[in-house]
Each structure stands twice: as structure tokens, then as C-alpha cells.
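**Student:** My questions all concern the structure below.
The values are calculated or read from the model by the stated rules, or taken from the named source; none is laboratory data. All values reported here derive from a predicted model rather than from experimental measurement. Here the Cβ positions follow ideal geometry from the backbone for every residue, glycine too, while neighbour counts run over all protein chains shown.
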Amino acid sequence: MDFSQHEPGWKSFLDESKAEERVSILRGVASGILAFAVLWAYGREQIVGTPAAVVFGFLVVGLAASLVALSLARNRSPLPRFAYINGAIDVTVVTAVLVASFHGSSTTMMLAAALSYLLFSAVSALRFQLPSSLFTVALAAFEIAGAAIYLHTMMYQPPFVRVMDLILLIIVLVVTGGVVTLSVVGARKSTNASDELERIHRRVLNQVSDGLLVCNSAGRIVDSNAAASDVLGIPRGVLVGLEAYTALPGPLARELEKCWQQALVEGFVLIENLRLGRGQEDTSVLDVAVYRVRYEGDDVIQILLRDATAEQRLLEQTQRSDRLYSLQSLAGGVAHEFNNMFASIEASSYVLAESIPKDAPESMEVEIIRSATARATGLVRELRDLIDTQSPHAVPLDVAALIDRAVTLGKGESNVEVLVHIDSGIKRVLGDEGQLERAFANLVGCSYASMLDGGTLRIHASSDSLSLPKGLAPGQYVAITIEDTGIGIPADMVPRAFEPMFSSDGGRWTGLALANARAVITRHGGVISLESSVGKGTSYFVFLPATDRPAVKALRPVTAPSSHKDKIRLLVVDDEAANRNSLARLLSTRGYEVVLAEDGRRAIEACEQCDGRFDLVLLDLVMPGLNGKDVVVALRARYPSIRVLLVTGFADEQLVEEAMKLGAASFASKPFDVPQLLSQIQQLTSGSRESDRPAMPNP
């Protein structure tokens, strides 16, 4: 069912864009009928001589005017004054024929002229120009009246009945012209109202955010709105008139073909999450509702297209975020357990290394254990740096010292010349020392791994606040560039270089290294990018927030153990027996008196038994029952002067901050850097003033 078939015929006939063309055609037909009547009278010798010549002349002018008007109407819109000119020509030609019919006593010509008056009067009204229509009718009446006066003033007096014919013709002409004009004007108003209603309907339909297709029962599209064109990527002018099964995108067309009969029978069908792919990166998701409605006794199918692409992407992002959060939680738990085990191994191997002579054969085995532990610890730290979502504990760091330690940690076995240039007066960076050290060590390691046969590694650091990359807020930054002369990265792999586990050559540093570096630098409020060319090398560009604040002082080195009379009492609290025992053995060898507690409640009881006379409590932060934060609150409430060193394998940054605010003195991370841990313990137990206590070390 095509809706256009139900459009009223008069509306199509009164189409203003075709009005002048149709009027010109009707004028030509009327002029042709009039010419035939004149030729008929001339052949019967009812009109001869001068009247015949004058009439033929007028007819030629009338026919020529009709042809000119038709040509103008088909090529461009005629000017409004043409309607007045054409009306004047029409009535003048007919008046001339009418007068000639009286001269020649030709009834045929008189009837043709009278009919032409009525026809031209109606034709003039079809222009939808009321002034020109009234002008034509008035001019016709005026010229007929003039013809009547002319006939009365001639020496030949025509019968009275003919004068009455002219008067009657004037009356009929005025009435007919007026009725036709009023009818056309009324029809035009109705057309305008219908057009306005159609415009309102179209405007409302196009404001609907969902796409709408209207099809007949055979599947032909008879209407659509703008949203449907946007969703399908097909203009409305192309959609209307096409078969839904063939014109629409393949997946949608196939689904509609399957459910068409079901929609006709049941009245409604819903198709959810229909994917329309326009390319690998351009896939839209639609929810399609198919309705059956009745229109003038026939079935009409309405297809509602709802673009669910944004919602689907949001759902997928939420699902990915949920999976990522689950993986982060799992990785955090695994890291905590591994760190507990590595802490025991590290502490025990440290004690074992000190108890075995350096030249003993077993010392090599101990070094292997410690080396493997260090590598495993480094991997866990990289995983933790990669998945950590907490803001780092940012302190001012000296750039030169940070780069020096990163080069030492990240350098490989290749014969590489390292050139480091630090601009004078460079500001300090704000960040977590351990995380940034590992991030830059990864970048240095990637450069070493790419220079298989040696090369040059250039590192340049400067304060930069002008030429900042996109995405950085205005402020103070330190720019660090690391350039190598290695094999480089192919151009098609550069966009993926920072993806986790991405590897261009299977080397040690191409799995988590760059992903870890980007995660750490981004978490510190900075950005990292790279440029690479095969055979020429790779350049890394890092921007990190800077500060003028002085750098944090390093921990003091470990001194010799205290004598027996100066023994310092330590309380080690850990729910892992292996951790407690290995740490106790390590501290005992350094001259400390160690008391062990297996959980938070036992720690509080141990302090109560000796009235809190512990120089330092090494407290595991994550424990069943009372966690480290609860124990800190309880101990500080009973013994305000007691000092607590928090120890954990993998803790929530917020939990650490809360425990520090509640009175904990410092923080250490498992597995331990044993010399650093001993330095912390010595500094916290040396009786230094509160203001001299070290800042929280890096996990």
C-alpha cells in the first residue's frame, strides 16, 4: 500500500510548481478550438475581408503567446506580470473573434468565443494569483461591454437579442469567473493547510531520536524519518520506494525477512543487539521493534530502529572494568602471598649468607637463591606497579640520583656507552621513588636489549614548562628523554608498544616493561611517548610534575649491632609463622631482642605484659581479626610514645595512609630490601626527635 495513492487528485492538480505549465497548455487548447471555429466560419464564407484578416492576426498572437508562456513555464518560473499580459492577450483575442462573429453572423464563432471566455476565465484562476484572475475577468467584462457599445454605434443595428446575449455573457462570465476563482482560492487554502500539517508531521517525526521506517505489507518502504537515515547511513530520498529486504544492510534485511510473517500474524516482533558492521572499527548495535498497524483496511508495518551502540559500549566497558577489577583484586592477593613468601626467603638467605664463609661452596647456592628471589620480587613489583590504581605517595626526588639508580638497575650486558646530561638548576620531580626508579630502569633495559652489538644511550633531563604535549595541564614539569641507537621498532608495532605482554623480539624487557613504565608515569600525572625507526633506534619522551621543594634525605647506613647491655627490644607481629621466624632470626643476628606475636590481639597482650616497653613494633598491616590499623589505634591509645613500623606485602594505599595518620611511624614493604629495613629500624630506635624521623619509604 503506497500512501501517495491516497493523496487527493485536486491537490496534485493544484501543485503550484506545475501551475503555469498547465495553464499554458489549457490556453493553447482553447486557442486551437477558437482557431478551428474561425476557419470553419471562413470556409463557409461567414467571415471574409478585413474582419477575417484581423481575426487571423489576433489568433496568431494568441497562439504565439501560449507557446512563449509554455516555454517559460518549463524552463524557469515566469514573472508575476506575465499572468496579467497573458490574460490581456487572451480576452483581447476572444473579443476580436466575438465582434467578428457578429459582423459575419457566424453562430459557430460566437459560441466558440463565449466558451473561450468562460475557459480563459477559469484558466486564469488556476495560477493561484487572485489579483491576476480578477483582472482577467474584469477586463473580459469591460471588453464585452465595449463591443456592445461598438455594435450599437455602428450604422448596422444588430438584433436586440444579440445585445442581450452580450449582457448575459458578461453576467455569466463574472459569475463563472468569480465562482471558479473562489473555488481555486479555497482549494489553495486547503492545500496550504494540508501542506502545513504535513510539514508539522514531518518536523515532529524527524525530531524523534529513534529511526522509523513505514512499509506496506509487501515490504516496500513508503516513509522514513531523519533518524532512520542517520542510523542506516542511507538518505531518505533513496530509502523511500525501496524493498526492505534488499535495500537495508544485510543483517537487518535478513532478520526482517525471517520475522516478517510473524509480525503480520502476531503484530509485534523485537530484535535485540543486532550488529551492523561498516568496518572493523565502525560497528553499530540496533534494537529493532517491528509493529503491525491497520491503515485504510490494509496492513502497514512500522519498523522502529533504536541505536544502542553507546549503551552497548558502556555495558562492555563496565564488564571490562569489572573483569579488570577482579583481576586486580586477584593479582593483589597473589602479590601479597608471594611477597610474604619472598620476605621469608630473603630474610633467611640474608642470615644464611652471613653465617657461611664467602669462600665456602655453599655460598654460591645462597647467592643463586638470593638472585632468584630478587628476580621474582622484581616481577611481582612490576605486576603491582601495572595494576595499582592508587595515587602514589609523591615526595620530591633528585632527578640525577633517580636516573643514576635507574641506569644501574636497568643496564644489560651489551657494550653500551651511556651519556647522561642533566641541565643545571633542574627542578625535582614529584613521585614515588621506588616506582619511578623501576619505570626508568625498564626504559633503560628496553634500550639495552635493542642494542644487541653495543651502541650509545643518551639521557637528557631538563625543566620544561613551555613545549608540553597534549593532555598535560599547565604547570612545572621535568622532561626526560632516553635515546638509543638500537634496532628500533617497526612502524606498525609502535602504536602497540605500550600494551602489556607485547613483544617485538621476545626479549626480556618487551613484555611488561613499557606497559609498566606507562602505568607508573600516568599514575604520577605525567605522560610518556616514543618515536622509533627501524635501524636507527628508539626515543622515549617522559614528562613528570616538578617541584622546587628539597629532596627527601636518604636513610642513614647501617652501623654495627648494639652491644648486649644496649639491646633494643622489638615486637614482630605477623600472622605468617615463616615470616615471623625468619625476620626474628635476621634481627637477632643484628643484636636486637625480638618478641613474636602471631596476630593483633597477641600483640596488644604482649605490650600489656611489659607495659609497652618495646622500642619498636614491626606490625603486619593485613592480618585476620584485628588488622594493623586497629592495632595501631589500640597501642597508641595505651602507649602514646610507642613507635610502629608498618609491614605488608601488598596493601591498599588508602589503608596505609590511614594507619600513618593514626600514629604509625613509617612503612616497609615485603619482600624486604634487608639493608634498607635495618636502616629504618636503626633510625626509628635511635631516639631521634620526632621531626627527624624518616619519611615513609617506597613499597
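**Student:** Specify which of the listed residues (I528, I521) is within 24 Å of S462 (Cβ to Cβ), aliphatic (A, V, I, L, M), assigned to a helix (DSSP H, G or I) and at pLDDT 85 or above.
**Tutor:** Working: I528 fails: assigned to a helix (DSSP H, G or I).
After ruling out the rest, the residue left standing is I521.
**Student:** Tell me whether region 289-303 contains one or more residues that are modelled with pLDDT under 80, over 25 Å from the mean Cα position of the chain (by Cα), at positive phi and not small (G, A, S).
**Tutor:** yes
**Student:** Evaluate region 634-647: report whether one residue or more is in contact (Cβ under 8 Å) with a residue 60 or more places away in the chain, within 26 Å of M341 (Cα to Cα) and in contact with a Leu (Cβ under 8 Å, 6 or more places away or on another chain).
**Tutor:** Yes, there is a match, as at least one residue in region 634-647 is in contact (Cβ under 8 Å) with a residue 60 or more places away in the chain, within 26 Å of M341 (Cα to Cα) and in contact with a Leu (Cβ under 8 Å, 6 or more places away or on another chain).
**Student:** Identify the residue in region 198-250 that is charged (D, E, K, R), more than 15 Å from R306 (Cβ to Cβ) and in a helix (DSSP H, G or I) and, among all such residues, is modelled with the highest pLDDT.
**Tutor:** For region 198-250, the residue satisfying everything is R236.
**Student:** Among the candidates A53, A88, which residue alone is aliphatic (A, V, I, L, M), assigned to a helix (DSSP H, G or I), at pLDDT 75 or above and more than 19 Å from V137 (Cβ to Cβ)?
**Tutor:** On the way: A88 fails: more than 19 Å from V137 (Cβ to Cβ).
Result of the check over A53, A88: A53.
**Student:** Please go through region 121-145 and give me each residue that is buried (at least 21 other Cβ atoms within 10 Å of the Cβ), modelled with pLDDT of 70 or more and hydrophobic (A, V, I, L, M, F, W, C), ordered by number.
**Tutor:** If the condition is that a residue be buried (at least 21 other Cβ atoms within 10 Å of the Cβ), modelled with pLDDT of 70 or more and hydrophobic (A, V, I, L, M, F, W, C), then V137, A140, I144 are the ones that fit.
**Student:** In region 434-463, which residues are of a type in the set (F, W, Y) and farther than 18 Å from V520 by Cα?
**Tutor:** Y448
**Student:** Taking N516 as meeting all but one of (1) on the phi > 0 side of the Ramachandran plot; (2) at pLDDT below 85, write down the number of the exception.
**Tutor:** (1)
**Student:** Is there a residue in region 556-566 that is touching a strand residue (DSSP E or B) at 6+ places or on another chain (Cβ under 8 Å), at pLDDT below 90 and acidic (D, E)?
**Tutor:** no
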